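Following: one structure in structure tokens, then a few remarks.
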Amino acid sequence: MSEKTGEKIMGMEPENGRWILVLLGLIINLCLGTIYSWSVFVAPLTTYFTRDLGQTVTATDILLPFSVFLAFFAIAMPFTGKYIERYGPRNVTIVGGVLTGLGWLLASFATSVPMLYVVYGVIGGIGVGIAYGVPVAVSARWFPDRRGLAVGLTVLGFGFSAFFTANIAGWLIDTYGVMTTFRIFGIAFVILTCLLALPMKFPGAGWTPRGWTPPAPVPGQAIACEFRREQMLKSRSFYGLWLCYFIGCLAGLMAISIAKPVGTDVGIETGLATLLVGFFAIFNGFGRPVFGAITDRFTPRITAMLSFFLIALASLLLWQFTGVSVYIVAFALLWGCLGGWLAIAPASTGCYFGTADYPRCYGVVFLAYGAGAIVGPQMAGFIKTSTGSYLGVFPIVLVLAVIGFITAFALLKIPDAPEKT
């Protein structure tokens, strides 16, 4: 039985209580988003498997658990939507939180990198895929009046996570070792997500914010009508959104996976490089409500084009110039634009295709994130292994950003009314 009720939220009236649900979703995503601290684990894991276990590993090997995790995160999303409706946000979040923590916990017993692929990448990734979409769906349902802002604030926690967890992970690794750090995180995530999930629920059918009425259709902004997932898949706007999301995620997830090693390559001391991962997370986190608000104020197409302009600028800087300042500015832009796409895409899905079948629709759109998670970090690892440097990836990202800009201009627009299925 689903939890579609009109009851008070933690003793508060819905008008105020719905903001509590956004806050809870933010904190849940703060736990789930610890994957974005992966670059802090790269060197310690390399040392652990080579020095302590006597195994031979490459940059690509150590980046692959990150890609597998994010890929299964994205794959699990489309299959979760119908269960959110059936079993309610609370129960689905608890299941996802337990699996996420279990993935981190089992990773602490890994005796090889391939074992990490399974216990951390598959189990942990599926857990995040199950839990992540729930706060997003809850915020989208409770905030028809401020969908972009509410969704952006909800997913801010995922992007902002590394600001806290990168430094916590660095301290724990130095103090207790990398495998014990996995164990500590795993236990903490199970406890926190289960407790935070308890108040999560959808509004009652037909509920709207007090004094708000749906706006009259505005070209490029308001939704044309409600789509089912099968109808959305026949729309050109869906494929435009999917390709744009893929390019934005490829650039951002690549930057996240290699932030620390690129920093040390350009001459930054290891400890400061770890701190900068947390600094970049600020941009990743706040990029979400900022780009979400821009999407609300203007259109998904304009916001997407702005994002690709910034990605192209960052890639050009890293390709043509060197130095610490260039590194900081460019990576801040790339992390910020990834955060932006984690707000642009869900807000655009609701804007273009409605919310009647939102969890299933956004689940399919979110597969672009998984594709970017596989291609971006693996492309960076391949270029590093082949050339000895990560910098060769940025001309490719520059070209992709130009393609994304053109795609956004041509295809991101209100779709025609869906065909009946």
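Applying the set (1) out of contact with any Pro (no Cβ under 7 Å at 6 or more places or on another chain); (2) closer than 14 Å to Tyr245 by Cα; (3) touching a residue at least 60 places away in the same chain (Cβ under 8 Å) to Pro359 leaves exactly one unmet item: (2).
Can you confirm whether Ile268 is within 17 Å of Ile328 (Cβ to Cβ) and outside any helix (DSSP H, G or I)? Write out each step before concluding.
Numbers: within 17 Å of Ile328 (Cβ to Cβ): yes; outside any helix (DSSP H, G or I): yes.
Taking the combined requirement at face value, the residue satisfies it.
Among the residues making up region 266-291, those that are in contact with a Leu (Cβ under 8 Å, 6 or more places away or on another chain) and either of a type outside the set (Phe, Trp, Tyr) or without any contact (Cβ under 8 Å) to a residue 12 or more places away in the chain (or both) are Ile268, Asn284, Gly285, Gly287, Arg288, Pro289.
Summed over region 274-312, residues that are surrounded by fewer than 24 Cβ atoms within 10 Å (Cβ to Cβ), assigned to a helix (DSSP H, G or I) and of a type in the set (A, V, I, L, M, F, W, C) total 15.
Surrounded by 16 or more Cβ atoms within 10 Å (Cβ to Cβ) and modelled with pLDDT of 85 or more, is that true of Leu45?
Values: surrounded by 16 or more Cβ atoms within 10 Å (Cβ to Cβ): yes; modelled with pLDDT of 85 or more: yes.
Taking the combined requirement at face value, the residue satisfies it.
More than 15 Å from the chain's Cα centre (by Cα), part of a helix (DSSP H, G or I) and either buried (at least 19 other Cβ atoms within 10 Å of the Cβ) or not polar (S, T, N, Q) (or both): is that true of Trp38 in this structure? Answer is no for this residue.
Only a single item in (1) in contact (Cβ under 8 Å) with a residue 24 or more places away in the chain; (2) surrounded by fewer than 20 Cβ atoms within 10 Å (Cβ to Cβ); (3) assigned to a helix (DSSP H, G or I) is not met by Phe109, and it is number (3). In the set (1) part of a helix (DSSP H, G or I); (2) touching a residue at least 24 places away in the same chain (Cβ under 8 Å); (3) of a type outside the set (A, V, I, L, M); (4) surrounded by fewer than 24 Cβ atoms within 10 Å (Cβ to Cβ), Thr100 fails one condition alone, (4). Among the candidates Gly340, Gly287, Gly271, the residue that is of a type in the set (Gly, Ala, Ser) and either touching a His at 6+ places or on another chain (Cβ under 6 Å) or at pLDDT below 85 (or both) is uniquely Gly271.
Here are some residues: Pro415, Pro377. Which one is over 21 Å from the mean Cα position of the chain (by Cα), closer than 30 Å to Ile130 by Cα and surrounded by 19 or more Cβ atoms within 10 Å (Cβ to Cβ)? Show your work before the answer.
Details: Pro377 fails: over 21 Å from the mean Cα position of the chain (by Cα).
When all the criteria are applied, what remains is Pro415.
Scanning region 154-165 for residues that are hydrophobic (A, V, I, L, M, F, W, C) and modelled with pLDDT under 85, we see that the one that is nearest to Pro44 (Cα to Cα) is Ala162.
When region 1-39 is filtered for residues that are among the β-branched types (Val, Ile, Thr) and modelled with pLDDT of 85 or more, the ones remaining, listed by number, are Ile20, Val22, Ile27, Ile28, Thr34, Ile35.
Could you tell me whether Ala259 is crowded, with 23+ Cβ neighbours inside 10 Å, of a type in the set (Gly, Ala, Ser), more than 18 Å from Tyr369 (Cα to Cα) and within 17 Å of the chain's Cα centre (by Cα)?
When the stated conditions are applied, Ala259 passes them.
The values are calculated or read from the model by the stated rules, or taken from the named source; none is laboratory data. All figures in this text were calculated on a predicted structure; none of them were measured in a lab. Here Cβ is always computed from backbone atoms with ideal geometry, including for glycine, and neighbour counts include all displayed protein chains.
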